[in-house]
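Take a look at the structure set out below.
The values are calculated or read from the model by the stated rules, or taken from the named source; none is laboratory data. Treat the numbers as computed from the prediction; the structure is a model and nothing was measured. Here Cβ is always computed from backbone atoms with ideal geometry, including for glycine, and neighbour counts include all displayed protein chains.
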Amino acid sequence: MSASPAEAQGRRQAPAMDLDALIADPATRIVVCCGAGGVGKTTTSAALALAAAEAGRSVVVLTIDPARRLAQSLGLVELDNEPRRVDVPGIDGELHAMMLDMKRTFDDVVTAHSTPERAQQILDNPFYQALSSSFAGTQEYMAMEKLGQLRASDQWDLIIVDTPPSRSALDFLDAPNRMGRFLDGTMIRLLTAPSRTGFKFASAGFLFFSRIISKILGGQLLRDISAFVAALDTMFGGFRERATATFELLRRPGTWFVVVAAPEPDALREASYFVDRLSAEGMPLAGLVLNRTHPPATTALSATRAEGAAEEVAESGGETAALTAAALRVHAERMQQAAREQHLADRFTSAHPEVAVRTVPAAAGDVHDVDGLRGMAEALTGADDDTPTGTPRTRVLPARRG
């Protein structure tokens with residue numbers, strides 16, 4: 001009997017993703033890893049960076065996630081806002097790592113694009129200190145700033161970006177538009193009107209506005225905001241131009257986005273959101289890394305047959321019957337879990353048939369050192385059909401034949 005259209009669609013094969021060729025290609029200059037929280041995105045970023053360094057490239061991996069997992073897995077005590085060299089014996093290239101410090105990056109921008117006197121005014125301003133530390137959207141904009149700085153330095157021929165968890169991972173794509181809306185907003189225009197024009201009606205408007213808004217915000221906060229905006233006035237154009245330039249850099253050839261997910265419904269729903277968003281923005285997508293899958297040691301014995309064999313062995317009552325039956329039941333559970341994971345992967349591929357997929361088996365424990373990263377790098381970059389069971393790395397289980 002031939003398969004129904006729905007069954008055939010569910011078994012549609014995802015294209016293979018060749019991450020080995022992607023990171024070894026000199027034309028690849030930026031790789032952005034994005035995905036939901038808790039799916040191994042940071043480890044994936046570090047493993048790709050290590051593989052690229054072993055292939056002879058000069059790599060820096062930038063994490064925007066404030067967790068310390070990247071530093072730990074690379075054998076470093078901590079990371080900060082400047083790239084640190086990672087000493088890995090036997091690699092042909094170089095590996096550096098860093099973690100975005102939002103406030104320090106903002107401070108560096110102010111210092112670089114202002115006179116010393118103006119920069120000090122801004123740095124000492126209470127409103128700036130709050131803005132640079134916790135204001136909504138500042139982290140995403142500073143991520144764009146730091147990425148632009150790294151790319152402009154030409155010190156590294158590959159930059160790998162580990163983004164924050166969940167949907168905020170793509171918020172930095174909105175940074176140029178957010179900056180534009182902020183700079184063009186009514187409040188900013190009113191605050192900057194006296195410093196920009198000097199006309200009496202502008203000053204009068206500002207005084208009228210200040211009386212109203214000071215009742216809401218408080219007089220001191222309003223004065224802090226006004227002083228900050230006046231001091232920052234000359235930098236506004238540069239902020240917007242740099243953010244827009246980095247945004248366009250992400251669209252150009254040489255940049256690739258890698259979406260990371262776990263074989264779980266919520267994580268794959270987030271992955272679908274990322275894929276749709278990247279497509280809408282015209283961003284280049286390399287594919288989906290389906291991380292922490294559970295492929296069985298063999299696919300020759302089905303779950304049903306393993307459960308039946310376990311019952312027969314247990315009833316036989318031999319010396320090793322209990323142990324053998326337990327092993328068969330473990331295999332049956334593993335096959336059932338793999339089948340559930342493959343079903344979820346098939347649903348994703350049915351919705352996004354053009355997206356390449358690479359499955360990565362779950363490690364025995366947490367990846368916390370360079371050896372663990374090497375193992376994951378092999379799973380990410382190994383030949384598609386080079387697996388213990390011969391199952392292509394695009395899948396958890398072999399495809400059933402209709």
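Annotations for the structure displayed:
- Residue match in region 20-37 (condition: out of contact with any Pro (no Cβ under 9 Å at 6 or more places or on another chain), charged (D, E, K, R), farther than 18 Å from LEU285 by Cα and not in a loop (DSSP other than H, G, I, E, B)): no
- Residue in region 351-364 that is under 21 Å from SER45 (Cα atoms), modelled with pLDDT under 95 and surrounded by fewer than 15 Cβ atoms within 10 Å (Cβ to Cβ) present: yes
- Here ARG374 meets each of (1) at pLDDT 95 or above; (2) surrounded by 15 or more Cβ atoms within 10 Å (Cβ to Cβ) with one exception, condition (1).
- Members of region 293-312 that are surrounded by 20 or more Cβ atoms within 10 Å (Cβ to Cβ) and either part of a strand (DSSP E or B) or out of contact with any Ser or Thr (no Cβ under 7 Å at 6 or more places or on another chain) (or both): THR293, PRO296, ALA306, ALA310
- Note on region 150-171: residues that are buried (at least 18 other Cβ atoms within 10 Å of the Cβ), at pLDDT 80 or above and touching a Ser or Thr at 6+ places or on another chain (Cβ under 7 Å) total 4.
- Single residue of VAL60, VAL88 found to be modelled with pLDDT of 90 or more, of a type outside the set (Ser, Thr, Tyr) and either assigned to a loop (DSSP other than H, G, I, E, B) or closer than 27 Å to THR359 by Cα (or both): VAL60
Listed here are the residues, each with its yes/no results for (1) under 14 Å from THR163 (Cβ atoms); (2) touching a helix residue (DSSP H, G or I) at 6+ places or on another chain (Cβ under 6 Å).
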residue: ALA262; (1), (2): no, no
residue: ALA267; (1), (2): no, no
residue: ALA271; (1), (2): yes, no
residue: ASP276; (1), (2): no, no
residue: PRO284; (1), (2): no, no
residue: THR293; (1), (2): no, yes
residue: PRO296; (1), (2): no, yes
residue: LEU301; (1), (2): no, no
residue: GLY308; (1), (2): no, no
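- Criterion (modelled with pLDDT under 75 and under 23 Å from VAL289 (Cα atoms)) met by exactly one of LEU74, LEU19, LEU70, LEU95: LEU70
- Number of the condition not met by THR387 [criteria: (1) loosely packed, with under 15 Cβ neighbours inside 10 Å; (2) more than 28 Å from MET283 (Cβ to Cβ); (3) touching a residue at least 40 places away in the same chain (Cβ under 8 Å); (4) not hydrophobic (A, V, I, L, M, F, W, C)]: (1)
- Candidates in region 313-343 are the residues that are among the aliphatic types (A, V, I, L, M) and buried (at least 19 other Cβ atoms within 10 Å of the Cβ); of these, the one that is nearest to the chain's Cα centre (by Cα) is ALA338.
Table: residues versus (1) free of Cβ contacts under 8 Å to residues at least 12 places away in the same chain; (2) surrounded by fewer than 22 Cβ atoms within 10 Å (Cβ to Cβ).
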{"residue": "LEU95", "(1), (2)": "no, no"}
{"residue": "MET102", "(1), (2)": "no, no"}
{"residue": "GLN120", "(1), (2)": "yes, yes"}
{"residue": "LEU123", "(1), (2)": "no, yes"}
{"residue": "PHE127", "(1), (2)": "no, yes"}
{"residue": "SER133", "(1), (2)": "no, yes"}
{"residue": "THR138", "(1), (2)": "no, yes"}
{"residue": "MET142", "(1), (2)": "no, no"}
{"residue": "GLY148", "(1), (2)": "no, yes"}
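- Taking first residues from region 357-377 that are at negative phi and partners that are of a type in the set (Ser, Thr, Tyr) and modelled with pLDDT of 85 or more, the Cβ contacts under 6 Å between residues at least 6 apart in sequence or on separate chains come to VAL357/THR394; THR359/THR293; PRO361/THR293; VAL367/THR43.
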